[in-house]
1. In segment B:316-440, if the dipole is taken from +1 on Lys/Arg beta carbons and -1 on Asp/Glu beta carbons about the Cα centre, which of B:Gly345, B:Ile372, B:Gly328 is farthest to the positive end?
2. Given the DSSP H assignment, sum -39500 (n - 2.57) over each helix run of at least 4 residues in chain B and divide by its residue total; what's the result at 222 nm in deg cm²/dmol, nearest 500?
3. For the pairs A:Lys199/B:Lys356; A:Lys134/A:Lys171; A:Lys165/B:Lys163; A:Lys123/B:Lys134; B:Lys165/B:Lys356; B:Lys123/B:Lys143, note any where the Cα-Cα span goes beyond 18 Å.
4. Under 28 Å Cα-Cα from A:Lys291, which lysines qualify once same-chain neighbours fewer than 8 residues away are excluded?
5. Would you tally the net charge around A:Gln220, using a Cβ to Cβ cut-off of less than 11 Å, leaving A:Gln220 out, and scoring K and R as +1, D and E as -1?
6. Sorted from largest down, give the three principal axis spans of the alpha carbons of segment A:102-259, whole angstrom values.
7. Could you work out the longest stretch of chain A that avoids the GluC sites (Glu not before Pro) located in DSSP loops with at most 16 other Cβ atoms within 10 Å?
8. Size of the dipole of chain A about the Cα centre, Lys and Arg at +1 and Asp and Glu at -1 on the beta carbon, nothing else charged, in debye to 20?
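Read the figures in this text as sums done on the coordinates, not as results from a lab. Keep in mind it's a predicted model, so treat the numbers as computed, not measured. Note: ideal-geometry Cβ built from the backbone for every residue, glycine included; neighbour counts use all protein chains shown.
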Protein chains: 2
Amino acid sequence: MKAFYFCGPIIKTNYIMADYTQMWTDLGLNHDNHNALLDNLGKAYQSIFMAQENRPEGMSYFDFVMSEAHGLRIQELREEQKAGRKIIGSFCVFVPEEIVLAAGCTSVGLCAGADFAQEEVEKVLPRNTCSLIKSFFGFKLGKVCPYMEVSDMIVGENTCDGKKKSFEVFKEMVPNFYQMDLPQTKTPMARHMLKQEFKSFVEKLEEMTGKSISLEDLKQGIATVNAKRQALRRLSILRAADPAPISGLDALLINQIAFLDNPVRFTEKVNAICDELELLIKENKGVKTAKAPRVLISGCPMAIPNWKLPSIIESTGAVIVGEESCIGERGQRNLTDDSGDSLDGLMDAIVDRYLKIDCAVFTPNQERVNHIKEMSQQYNADGVIHYGLQFCQPYIMESFSVEKELEKQDISVLRLETDYSQEDMGQLSTRVEAFVEIIK
Amino acid sequence: MKAFYFCGPIIKTNYIMADYTQMWTDLGLNHDNHNALLDNLGKAYQSIFMAQENRPEGMSYFDFVMSEAHGLRIQELREEQKAGRKIIGSFCVFVPEEIVLAAGCTSVGLCAGADFAQEEVEKVLPRNTCSLIKSFFGFKLGKVCPYMEVSDMIVGENTCDGKKKSFEVFKEMVPNFYQMDLPQTKTPMARHMLKQEFKSFVEKLEEMTGKSISLEDLKQGIATVNAKRQALRRLSILRAADPAPISGLDALLINQIAFLDNPVRFTEKVNAICDELELLIKENKGVKTAKAPRVLISGCPMAIPNWKLPSIIESTGAVIVGEESCIGERGQRNLTDDSGDSLDGLMDAIVDRYLKIDCAVFTPNQERVNHIKEMSQQYNADGVIHYGLQFCQPYIMESFSVEKELEKQDISVLRLETDYSQEDMGQLSTRVEAFVEIIK
């Protein structure tokens, strides 16, 4: 048993962890870099998550998943591969998991939330690139991401300029890149194009697996993913109770794990913690004090281990009541209609479902601000913190109109722009504290 | 006669300029701001253009156009309006001038190359937005652009994230905005989409004018624009002689004026200066010394009056032999096939022509680096300066692969990133001088 499992030495569990050194070697990871990464992440997890008090018991499963994120979960994925499944890595909630599952494949998220090997990254990408993009480049160049290395195919998409153009470089670094084009509007032509792209994606997966997707496969894929979304929806509603039965940090963590874990097992565990949260709410028990200031986060996604802003917010005594984010409601709220009785009908339903995602790459994107207002009202938020990753043009540009529209409705907004570094922690804390003081 | 015509007091001409004060008032310009702008531009024009020696006589026409860019040309456009023509303003070489002309309308370019009212701009756009976008916002907010104000319709396009998202704000500032969607790839689906967009644009223009575009109209539109492109192509080849018969600055200016002037008259004047250049070449006369270091500029467009980098380059004694730019060969090099005998056939030819534009918003975009290599060889360039506007993600990201590919062919590259401010003049000069020293 080594000392550098991800969070392993920190989280107390009753089992003996395996030695994954050989597996990591097989995957081509750089041990020194990987150990350094896990060591840092373990410390961050300890200070941010394990230091919280009164966490629901159900969080022990998610702590366990995190402790084994680079260990047991990767081993599972490799066992799936041995049994003939393909692992599909992706960077965006636009890559339809229903279709991946229907093809008998497994979907994993590859977005990354930590600076790594940034000097190497800045040799191939401009310094003024958003941290999320620089991070997955750094994870690749530093050879520290077992999910990337285990993937049989990596799917990039033409969303923002940053991803679209950086994938031209990234695809030269991996042997198995597939690019998905996406529309920039939601016109009938855009829908037509998206359907074509999803059909091409089906063909690609069928070519990889050598098997055709049947109506039953697709129905099952939709059912599995819808069940996951419904469980996360249940969590979204329960977490918003006052006092909050679960911290915003823990709720975000569950949303992050949604991109890594086995979807059926994950859904069971989310429902299990939701059962517990219902009891806690009945007993009026909370992890935060009643009447704590209630903050909604809106904006760019927060990939593991990008917990900087939420930990600052909750350290003020405020509670985060929701994330209007790809890792959060933007990515998960809409279900796919499973009532179709033909493959083409189900494909239409999938296209319609994905075209509802209100990402800032679309123009116009009024649906997003409407959704922020809805969330704000439904979860009784006292204010909205707009989270923009520096150099993410779509979200940062949109934040101006979001602020304007929310303020018309007397919703307080704090617009923040940051990256993955720790350098602005002091400044961010000061601004967040002042905002929480105003809204409480 | 007032003292603030654009370059008016500086360029010696034999005619008495009219007083355009009333016209500018009618257009809603802010006189104080506009005077300040013209005053600055006049001084810049004087020091950059008029201070050059041995300019071809044919440049006097283009000096005249510049001196009357906010005067006589605007008066002409208003007269065209009185006669029933519509003025169509646009920001991108993807808006097809053939179609605008076929509809009996006039096309004018609205990109702007100077900082103006930046404090106001940064209230509605992020500071980290490229200068070109901030500039046209500043020209609108400061009420200093008669082209914007005279336009009957302003066409924005979904190219980069910056323009796409900022147009959501811009369209609220003008009464007559039309948005054109564009593909991000060059697949058959992308072509299908672009054709649909161009057909919608035809319909919009027909609705505005109340007249249908005939086969003859479209043939004429294509002929006019092709003639302009052929004249600019002739200029591109002639300017590359050694010694250069015309400066890169003057050649750029002509390319910039292509977006403002009457296309038929402009074509005549470009051909006239080309006749003169042919004579100068025969006589071995140049504006630069023979064997001057030869620089190719590649990258972001340079809108009037963004002459900062070219003036730095040529002040070292080097000559700019070409611009791989929208305001330059990227925008003008391809002709539209006019051999079709149906409206739909000509529309196909237009779509095919525009889809050849190798803008960095496309992925992949190998055509662009091929074109840079071709230009570099054809014009016998000693080195390439890649010009990136700060925060222009598509071009700055692409500059890394451009540099890599050119260096494989032993073509020297200097990658620069700058904005419209004068603050980095010293640093840019030092870097350009060092580069010119290396390549000569």
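1. Checking the options against the dipole of segment B:316-440, the answer is B:Ile372.
2. Computed mean residue ellipticity for chain B: -15500 deg cm²/dmol.
3. A:Lys199/B:Lys356; A:Lys123/B:Lys134; B:Lys165/B:Lys356
4. The qualifying lysines are A:Lys282, A:Lys308, A:Lys373, A:Lys404, A:Lys408, A:Lys440.
5. Counting the neighbours of A:Gln220, the net charge comes to -3.
6. 46, 46, 35
7. Formally, the longest exposed-site-free interval is A:284-422.
8. 220
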